[in-house]
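Worksheet for the structure shown next.
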Amino acid sequence: MPTLAELKTNAEPWWCPGCGDFGVLRALQTALVNLGLEPHKVAIIAGIGCSGKIGNYINCYNFHVVHGRTLPVATGLKLANRDLTVIAAGGDGDGFAIGMGHFMHAVRRNPDITYIVMDNHVYGLTKGQVSPTSDKGMKTKSQPEGNFERPVKPLQVALAAGATFVAQGFSSNVKQLANLIAKGIQHKGFALINAISPCVTYNRINTYDWYRKVLVNLDEDPSYNPHDRQLALQTVIEHDELVTGLIYQDLETTSLEAGIPGYREEPIVEQQLELPEEDFAKLVSSFR
Ligand code: SF4
Ligand code: MG
């Protein structure tokens, strides 16, 4: 069983003091400890952006991929080695702009991976431009007179596209976020955890204090049923996505791996994939 100390690396987090990504890092480490996952059994596929640094700070496999491509790489890795816990992690720009096509297809395919999006409604690494989730009217360096586009609503998009696990946490509530990440890892299929992770440097609107006033915690509502997709959709629309907790989980739909013909229990990385010499010779002779 790993301890929190064993999951840390020697790298000092590069984030601005107070960045929400610290809370997400702590929540992910806590979830891995609580699930007793050994570092060599976990892989983090991180995207580009401030949030993409997260993999550098956790002692497990880490693959920092090109912009927007966490999900195809994570899906491929899971298919090659189903024994690994595969976690994709990135920001709202990485996931819901350049990566949006991959997001839709990952939702549709339902591979057994967990996707943590550190959503701060802005591009932080490139110094404060509008992102796909920026509020309409938000003034930034790229749109100084206010964002004239409507934001993406990730929870609604995921639910409408058929996601089998949708949750949202807040980086200042590490305990709840760690619990949601652990549930997402245990879910047999694609799990989206949208982690509200304030950017204290470039977003002065969606601040910690603002979120504390407006967020509604569904985990504290005993009447909420997280297995009803219509209720989930209605709830996130009514609250304009300002909810935390397990929003929806489908326990019936099987994962991508379960539907692939001939896909064996033994991980592909451990299978003998070499062609027997006899078959190889036959193949070569067929081209003569
Ligand atoms: Fe975090 Fe924003 Fe600083 Fe990036 S710029 S490290 S998102 S506070
Ligand atoms: Mg962002």
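The values are calculated or read from the model by the stated rules, or taken from the named source; none is laboratory data. Quick caveat, the model's predicted, so the values are computed rather than measured. Every residue, glycine as well, gets a Cβ built from its backbone with ideal geometry; the counts of neighbours run over all protein chains shown. In case anyone asks, the SASA skips ligands and DNA or RNA and just uses the protein heavy atoms, side chains included. Shrake-Rupley method; radii C 1.70, N 1.55, O 1.52, S 1.80 Å.
A few notes on this one:
- Of all DSSP bridge pairs formed entirely within the chain, close to 20 percent run antiparallel.
- Pairwise centroid distance, computed over Cα atoms, of the stretch 23-60 with the stretch 234-251, Å: 25 Å
- Filter on LYS53/LYS213; LYS53/LYS188; LYS53/LYS127 - keep pairs with C-alpha separation over 22 Å: LYS53/LYS213; LYS53/LYS188
- Virtual spin-label span in nm between VAL214 and GLU277, 7 Å along Cα→Cβ: 7.0 nm
- Dipole magnitude of the chain about its Cα centre (Cβ charges: Lys, Arg +1; Asp, Glu -1), debye to nearest 20: 740 debye
- Cα gyration tensor shape for the stretch 59-194, rounded if a/c is under 1.5, else prolate or oblate: prolate
- Pairwise Cα inverse-distance average, inverted: Kirkwood Rh of the chain (Å): 19.7 Å
- Oblate is the label for the stretch 133-220, because the ratio a/c of its alpha-carbon gyration tensor axes (a ≥ b ≥ c) is 1.5 or higher and a/b is not greater than b/c.
- Between ASP221 and ASN10, the modelled labels are 4.9 nm apart [label points 7 Å from Cα along Cα→Cβ].
- Computed with a 1.4 Å probe over protein heavy atoms only, the accessible surface of the stretch 220-288 comes to 75 Å² per residue.
- Magnitude of the charge dipole, the stretch 137-288, Cβ model with Lys/Arg +1 and Asp/Glu -1, debye to 20: 780 debye
- Gyration tensor verdict on the stretch 1-76 (Cα atoms; rounded if a/c is under 1.5, prolate if a/b is larger than b/c, oblate otherwise): oblate
- Cα-based equivalent ellipsoid, the stretch 189-255: semi-axes from gyration tensor eigenvalues, Å: 26, 15, 9
- Site pair LEU251 and GLN234 shows an inter-label distance of 2.2 nm when each label is modelled 7 Å from Cα along Cα→Cβ.
- Think of the chain as a dipole: +1 on every Lys or Arg Cβ, -1 on every Asp or Glu Cβ, centred on the Cα centre; then among THR3, ILE98, LEU256, ILE98 lies furthest on the positive end.
- Contact order, relative form, for the stretch 1-121: 25 percent (alpha carbon pairs under 8 Å, 6 or more residues apart, mean separation divided by residue count).
- Coil-residue chymotrypsin sites (Phe, Trp or Tyr not before Pro) of the stretch 101-192, DSSP, other Cβ within 10 Å capped at 11: PHE148
- Residue-normalised accessible area of the stretch 125-218, given per residue in Å² at a 1.4 Å probe: 44 Å²
- Degrees separating the helix 229-238 axis from the principal Cα axis of the chain, which is the longest one: 30 degrees
- Helix-only CD estimate at 222 nm, as mean residue ellipticity for the chain, using -39500 (n - 2.57) per DSSP H run (n ≥ 4): -8500 deg cm²/dmol
- Segment GLU266-SER286, extension gain: residue separation times 0.36 nm, minus the distance between their alpha carbons: 4.1 nm
- Solvent-accessible area, 1.4 Å probe, carbon plus sulfur percent, for the chain: 54 percent
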